[in-house]
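A.B. asks: Questions regarding the structure given below will be posed in turn.
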Amino acid sequence: MKEQIELIVAAAKKAVDEASDEKQIDEIRVKYLGKKGELTALLKQMGSLSAEERPIMGQMVNEAKAKLEEIVGAKQIQLKEKATELKLKAEQIDITMPAKEAKVGKLHPLNTVLNDMIDIFQSMGFDVLDGPEVETDHYNFECLNVPADHPARDMQDTFYLADNLLLRTQTSAAQIRTMENRKPPIRIICPGRVFRADEVDATHSPVFHQIEGLVVDKNVTMCDLKGVLEQFAKEIYGADTKVKFRPSFFPFTEPSVEVDVTCSECGGKGCRVCKGSGWIEILGAGMVHPNVLRSCGIDPEVYSGFAFGIGLDRLTTTRYKISDIRLLFENDKRFLDQF
Ligand code: PHE
């Protein structure tokens, strides 16, 4: 029996030596010292010994137990310390490491310019409205004094979705929707995307943006149109900007004008951006045609109004000196990061 004890102790010691984590050492403790452990099993066999042998063996087993408990305990402490050390090391924070740069989103340049325009018109008392991108022929053309066989339809190459359904070619459809739903005085702008089947190049895109404006009231004249648009141009391009009103044609306005501003690149001397003319066209406008007022149930004998359509993309490319309109739609991060 003495030999058995020595064998058990030797095996236990070896196991403790080899144990490398807290779980293993706990298993060893159960195996040798637990209630069903090997030393306890020996104690249970003592009944078969003689009365003289029993106390001697009892003492030997107890001494072996005490010794093993000491070894296991010491190893437990040692492993625990090692585990804590490893954990601390793993959780260490290097406060000298450079911080990660937080990526903050930015406004697209089109939105920056649009927000500026909205501010300007709101300060002049305009409401901001929204209209559908899929329009009926009725709102996009018919009510705007462009009947089915009118040659002005050729000015705007249209994406048709179905017989009477199309992608709006101009935000002017919003004029009609507004006049149907509101009674004068009306003062609104309607920004949005418009679509034309244009060939893509540096200055043309099949999708672009307009801001439609409409004012209808008693005694609205061409002077009001000029005042509002001149004020707008000076706020967007700077107080020195000169504004030119050129006679033009739109079926839904009479008289009609196109508005040019002095080129912001060369200040009017003539350069590549303005193709040498010193001027850049930024919008179309005019006095709302009596037929249009009538088609919306507004009496042209009592009320008059003016409307304008501003090209947001042109305004944005000239303000930021962007040479190609396609850059506004490609959403290349390297481009957008510059704003
Ligand atoms: N809708 C016209 C265009 O797209 C612009 C415009 C709007 C002209 C309102 C006059 C009045 O060309």
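A.B. asks: Residue check: is Arg187 among the basic types (Lys, Arg), more than 14 Å from the ligand (Cβ to nearest atom) and in the same structural domain as Pro151 (by TED's automatic domain parsing)?
C.D. replies: So Arg187 passes the test.
A.B. asks: Just to check your reading of the model, which residue among Asp332, Asp299 is within 32 Å of the chain's Cα centre (by Cα) and over 19 Å from Val228 (Cβ atoms)? Working first, answer last.
C.D. replies: On the way: Asp299 fails: within 32 Å of the chain's Cα centre (by Cα).
Only one candidate passes the filter, namely Asp332.
A.B. asks: Criterion first (within 16 Å of the ligand (Cβ to nearest atom), surrounded by fewer than 16 Cβ atoms within 10 Å (Cβ to Cβ), modelled with pLDDT of 95 or more and in the same structural domain as Ile176 (by TED's automatic domain parsing)) does Ser248 satisfy it?
C.D. replies: Details: within 16 Å of the ligand (Cβ to nearest atom): yes; surrounded by fewer than 16 Cβ atoms within 10 Å (Cβ to Cβ): yes; modelled with pLDDT of 95 or more: yes; in the same structural domain as Ile176 (by TED's automatic domain parsing): yes.
When the stated conditions are applied, Ser248 passes them.
A.B. asks: Here's a follow-up. I'd like the residue in segment 158-184 that is within 12 Å of the ligand (Cβ to nearest atom) and either in contact (Cβ under 8 Å) with a residue 60 or more places away in the chain or not assigned by TED's automatic domain parsing to the domain that holds Ser304 (or both) and, out of all such residues, is farthest from Leu283 (Cα to Cα).
C.D. replies: Ile176
A.B. asks: Related question: In segment 216-245, what residues are farther than 30 Å from Lys183 by Cβ and surrounded by fewer than 17 Cβ atoms within 10 Å (Cβ to Cβ)?
C.D. replies: Lys234, Gly238, Ala239, Asp240, Lys242, Lys244
Okay, residues lined up against (1) under 14 Å from Val9 (Cα atoms); (2) acidic (Asp, Glu); (3) outside any helix (DSSP H, G or I):
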position: Gln24; (1), (2), (3): no, no, no
position: Lys35; (1), (2), (3): no, no, yes
position: Leu39; (1), (2), (3): yes, no, no
position: Ala51; (1), (2), (3): no, no, yes
position: Pro55; (1), (2), (3): no, no, no
position: Gln59; (1), (2), (3): no, no, no
position: Ala64; (1), (2), (3): yes, no, no
position: Lys67; (1), (2), (3): yes, no, no
position: Lys75; (1), (2), (3): no, no, no
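A.B. asks: Filter segment 274-292 down to the residues that are farther than 13 Å from Met222 by Cα and assigned to a strand (DSSP E or B), then identify the one that is nearest to the ligand (Cβ to nearest atom). Give the steps one after another, and end with the answer.
C.D. replies: Filtering segment 274-292 for residues farther than 13 Å from Met222 by Cα gives 274-284, 290-292.
Those left that are additionally assigned to a strand (DSSP E or B): 279-284.
On the way: Trp279: 17, Ile280: 16, Glu281: 11, Ile282: 11, Leu283: 7, Gly284: 3 Å.
Applying the filter and picking the extreme gives Gly284.
A.B. asks: For residues in segment 181-200 being closer than 30 Å to Glu301 by Cβ and out of contact with any Asp or Glu (no Cβ under 6 Å at 6 or more places or on another chain), which is surrounded by the most Cβ atoms within 10 Å (Cβ to Cβ)?
C.D. replies: Going through segment 181-200, the residues closer than 30 Å to Glu301 by Cβ turn out to be 181-190.
Narrowing further to those that are out of contact with any Asp or Glu (no Cβ under 6 Å at 6 or more places or on another chain): 181-183, 186-187, 189.
On the way: Asn181: 10, Arg182: 17, Lys183: 10, Ile186: 20, Arg187: 20, Ile189: 23.
The selected residue is Ile189.
A.B. asks: Would you please list the contacts, defined by Cβ atoms under 9 Å and residues six or more apart or on different chains, that run from a residue in segment 279-295 that is at negative phi and outside the structural domain of Val257 (by TED's automatic domain parsing) to a residue that is away from the ligand (no atom under 13 Å from the Cβ) and part of a helix (DSSP H, G or I)?
C.D. replies: none
A.B. asks: If I ask for residues that are in contact with a Lys or Arg (Cβ under 9 Å, 6 or more places away or on another chain) and away from the ligand (no atom under 16 Å from the Cβ), which ones from segment 301-322 would you list?
C.D. replies: Scanning segment 301-322 gives Val302, Tyr303.
A.B. asks: Can you name the residue in segment 136-146 that is more than 14 Å from the ligand (Cβ to nearest atom) and surrounded by 14 or more Cβ atoms within 10 Å (Cβ to Cβ) and is also nearest to the chain's Cα centre (by Cα) among such residues?
C.D. replies: Within segment 136-146, the first condition is being more than 14 Å from the ligand (Cβ to nearest atom), and the residues that meet it are 136-138, 142.
Then keep just the ones that are surrounded by 14 or more Cβ atoms within 10 Å (Cβ to Cβ); that gives 136-137, 142.
Working: Thr136: 31, Asp137: 33, Glu142: 37 Å.
Taking the candidates together, the pick is Thr136.
A.B. asks: I'm trying to understand the selection: among the residues of segment 88-112, which are surrounded by 10 or more Cβ atoms within 10 Å (Cβ to Cβ) and in a loop (DSSP other than H, G, I, E, B)?
C.D. replies: Lys106, Leu107, His108
A.B. asks: Given the options Thr203, Thr262, Thr253, name the one that is more than 15 Å from Asp127 (Cα to Cα), more than 16 Å from the ligand (Cβ to nearest atom) and among the β-branched types (Val, Ile, Thr). Reasoning before the result, please.
C.D. replies: Working: Thr203 fails: more than 16 Å from the ligand (Cβ to nearest atom); Thr253 fails: more than 16 Å from the ligand (Cβ to nearest atom).
Sole residue among the options that is more than 15 Å from Asp127 (Cα to Cα), more than 16 Å from the ligand (Cβ to nearest atom) and among the β-branched types (Val, Ile, Thr): Thr262.
A.B. asks: Further question: Have a look at Ala152, Ala162, Ala197, Ala174 and point out the one that is among the hydrophobic types (A, V, I, L, M, F, W, C) and touching a Gly at 6+ places or on another chain (Cβ under 6 Å).
C.D. replies: Numbers: Ala152 fails: touching a Gly at 6+ places or on another chain (Cβ under 6 Å); Ala162 fails: touching a Gly at 6+ places or on another chain (Cβ under 6 Å); Ala197 fails: touching a Gly at 6+ places or on another chain (Cβ under 6 Å).
Only one candidate qualifies: Ala174.
The values are calculated or read from the model by the stated rules, or taken from the named source; none is laboratory data. Nothing here was measured: the structure is a model prediction, and the numbers come from that model. Note that each Cβ is placed from the backbone with ideal geometry, even for glycine, and that neighbours are counted across all protein chains shown.
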